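Enquirer: Mind having a look at this structure? Questions to follow.
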Amino acid sequence: MNAITNPEDIDRCREMRCEELEVFLTNGPSSRSSLMPRKAYLESQKVAALTDPALAGQIIANFQIGRTFAHTSEMEKRIAALTPDD
């Protein structure tokens, strides 16, 4: 965990960090927090596909491992369909 805080609030910040960690360890991740990495990954894939160098790199990588953009699309669909229970 990282936090930026006023030095005067460092003790309270440490307390809050411990509380949050305890809740996480007791209850596990919330459905919202477990979906955030998925959303970030899919968004990064969309952004990367907008640049010519990244697109060229993906074409080369797919060619070298014998995959197509249809495979990439299928993987993105499967990732998008994940739920916190998966």
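Coordinate-derived values only; no laboratory data. Computed from a predicted structure; not experimentally measured. Counting neighbours? That spans all protein chains shown, and the Cβs are built from the backbone with ideal geometry, glycine included.
Enquirer: What dipole magnitude, in Debye to the nearest 20, does segment 7-80 give about its Cα centre under +1 on Lys/Arg Cβ and -1 on Asp/Glu Cβ?
Expert: Computed about the Cα centre, the dipole is about 540 debye.
Enquirer: A further question on this structure: By how many nm would the segment from residue 56 to residue 76 lengthen if fully extended, with 0.36 nm per residue of separation less the alpha-carbon distance?
Expert: 5.3 nm
Enquirer: Can you run the Rg to Rh ratio on the chain? Use alpha carbon positions and the Kirkwood inverse-distance Rh.
Expert: 1.19
Enquirer: Could I ask something else about it? With a 10 Å cut-off between alpha carbons and a GNM built on the chain, which of 32, 12, 67 moves the most?
Expert: Judging by the Gaussian network model, the answer is 12.
Enquirer: So how much slack lies between residue 26 and residue 49, counting 0.36 nm per residue of separation and subtracting their Cα-Cα distance, in nm?
Expert: 4.4 nm
Enquirer: Out of 30, 44, 13, whose Cα points farthest toward the positive end of the dipole of the chain (charges: +1 Lys, Arg; -1 Asp, Glu; placed on Cβ)?
Expert: After comparing all options, I get 44.
Enquirer: Taking the chain as a Gaussian network, Cα atoms linked when under 10 Å apart, which of 53, 29, 37 shows the biggest mean-square fluctuation?
Expert: So, out of 53, 29, 37, the one fluctuating most is 53.
Enquirer: Could you work out how far helix 52-65 tilts from the main Cα principal axis of the chain, as a 0 to 90 degree angle to the nearest 10?
Expert: That works out to roughly 70 degrees.
Enquirer: In deg cm²/dmol and to the nearest 500, what is the mean residue ellipticity at 222 nm of the chain if only DSSP H runs of at least 4 residues count, each as -39500 (n - 2.57), divided by the residue total?
Expert: So the calculated ellipticity at 222 nm is -24000 deg cm²/dmol.
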